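First comes the structure, then the notes that go with it.
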Amino acid sequence: MALRFPVEPMKAALGALPPASQDHQWAYEIKWDGYRTIAFVDVDARSVRVQSSSGLDVTGKYPELDGFAAAVNASSAIIDGELVVLDSDGRPSFEMLQRHETQVAFYAFDVLQIGGSDTIALPYEQRRALLSSLVEVGSHWMVPAHRVGDGAALFAATAERGLEGVMAKRLGSPYVVGRRSPHWRKVKHRLQVEVVVGGFNHGTGSRSSTFGALLVGVPAVDGSLQFAGGVGTGFDQAQLQSLATTLRALATPTCPFNATPPRSYLTGATWVRPALRALVEIAEFTNDGHVRHASFIRLL
């Protein structure tokens with residue numbers, strides 16, 4: 001049965017690079033920090049329908065992709081990829097993408113259907129070869145390069161360029177619609193940074209007796225504490241219970257940050273004396289100075 005709109009994309013598991021002994025069995029692509037997107041192209045009608053990862057039709061948001069159909073060498077196609085915006089240094093900027101003040105580019109990395117015939121059962125390397133001949137490079141779309149083997153070198157190169165990491169995809173594997181598969185791995189670079197705990201949000205559900213997230217800051221040049229966002233993952237149950245006890249003992253009515261945090265962080269917030277330092281792992285600091293994708297490691 002042929003795929004039709006909407007299509008739930010295949011998902012990757014978070015993991016490490018394959019071992020060196022298996023390196024030749026995997027292909028590697030740069031991991032782009034953008035919006036996962038599926039393009040439904042009808043070349044005869046010269047139309048493109050753009051679907052978000054959640055299945056929404058977002059075609060109207062990206063008029064810069066209107067001409068994509070003219071770049072596809074088939075009567076129709078369903079193509080998986082990522083919407084990306086690059087900053088002035090050539091690195092993907094998720095914040096610029098969210099603002100959409102700069103036109104996006106569609107980076108195609110897989111093909112699910114060509115001319116009405118599904119290609120998802122084909123092995124990865126055959127789909128990739130089809131994709132390369134299917135899409136002609138344009139001002140707002142391209143098929144980024146990939147490599148077979150030597151994943152460690154590409155991973156190191158992405159670190160040098162300040163990129164998020166790589167995608168490792170097993171050769172011979174099919175495209176599994178709507179499922180998370182170990183045949184695709186997200187291998188990400190992470191930064192470890194020191195933060196000061198200045199508060200916490202009350203937890204819900206299984207965390208109703210502990211806390212939801214730590215509210216953290218970093219010292220500013222003038223010695224004050226600058227708010228840096230929330231850390232809500234990385235805790236085991238013992239850490240949640242121990243930290244909750246410690247935090248309650250440090251509770252204070254006075255906000256320790258040099259400016260009141262954004263409203264989205266204030267619901268159920270309790271301030272604490274800034275006596276605790278923590279090591280956390282993050283993807284990056286945003287332009288607002290907030291931690292992104294933060295995970296707790298330990299107290300210092």
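The values are calculated or read from the model by the stated rules, or taken from the named source; none is laboratory data. Just so it is clear, the structure is predicted and the values come from calculations on it, not from any experiment. Every residue, glycine among them, receives a Cβ derived from its backbone with ideal geometry; neighbour counts consider all protein chains shown. Side chains included, ligands, DNA and RNA excluded: accessible areas come from the protein's heavy atoms. Shrake-Rupley method; radii C 1.70, N 1.55, O 1.52, S 1.80 Å.
Some observations on this one:
- Whichever residue in segment 90-107 is assigned to a loop (DSSP other than H, G, I, E, B) and not charged (D, E, K, R) and, among such residues, is most open to solvent (accessible area, probe 1.4 Å): Q103
- Counted residues, segment 24-51 - those being within 27 Å of G115 (Cβ to Cβ), modelled with pLDDT of 95 or more and among the hydrophobic types (A, V, I, L, M, F, W, C): 7
- Hits in segment 125-137 (condition: of a type outside the set (K, R) and closer than 20 Å to L112 by Cβ): E125, Q126, A129, L130, L131, S132, S133, L134, V135, E136
- Number of positions in segment 234-265 that are in contact with a strand residue (DSSP E or B) (Cβ under 6 Å, 6 or more places away or on another chain), over 19 Å from L299 (Cα atoms) and among the hydrophobic types (A, V, I, L, M, F, W, C): 2
- Check on A77, open to solvent by less than 20 Å² (accessible area, probe 1.4 Å) and either not in a loop (DSSP other than H, G, I, E, B) or not hydrophobic (A, V, I, L, M, F, W, C) (or both): yes
- Of all positions in segment 31-40, at least one carries a residue that is closer than 28 Å to H293 by Cα, out of contact with any Pro (no Cβ under 8 Å at 6 or more places or on another chain) and of a type in the set (S, T, N, Q).
- Which listed residue, of R170, R190, is more than 17 Å from the chain's Cα centre (by Cα) and of a type in the set (K, R): R170
- Residues within segment 252-289 that are under 30 Å from H189 (Cα atoms), at pLDDT 90 or above and in a strand (DSSP E or B), tallied: 8
- Only residues that are within 27 Å of I114 (Cα to Cα), open to solvent by 50 Å² or more (accessible area, probe 1.4 Å) and assigned to a loop (DSSP other than H, G, I, E, B) were counted across segment 4-23, and they come to 4.
- All positions within segment 228-258 that are more than 20 Å from G203 (Cα to Cα) and under 29 Å from the mean Cα position of the chain (by Cα): F257
- Filtering segment 261-299 to residues that are open to solvent by 80 Å² or more (accessible area, probe 1.4 Å), within 28 Å of the chain's Cα centre (by Cα) and under 25 Å from V221 (Cβ atoms) leaves R277, F285, N287, D288.
- Among the residues making up segment 156-184, those that are at pLDDT 95 or above, under 14 Å from G15 (Cβ atoms) and open to solvent by 40 Å² or more (accessible area, probe 1.4 Å) are R170, H183.
- Segment 194-251, subset part of a loop (DSSP other than H, G, I, E, B) and polar (S, T, N, Q), residue least open to solvent (accessible area, probe 1.4 Å): T210
- There is at least one residue in segment 56-74 that is assigned to a loop (DSSP other than H, G, I, E, B), closer than 26 Å to G165 by Cβ and not polar (S, T, N, Q).
- When residues of segment 24-52 are limited to those that are closer than 19 Å to A145 by Cα and of a type in the set (F, W, Y), the one surrounded by the most Cβ atoms within 10 Å (Cβ to Cβ): Y28
- Top-ranked residue in segment 108-140 [being part of a strand (DSSP E or B) and open to solvent by 20 Å² or more (accessible area, probe 1.4 Å); ranked as nearest to R36 (Cα to Cα)]: F109
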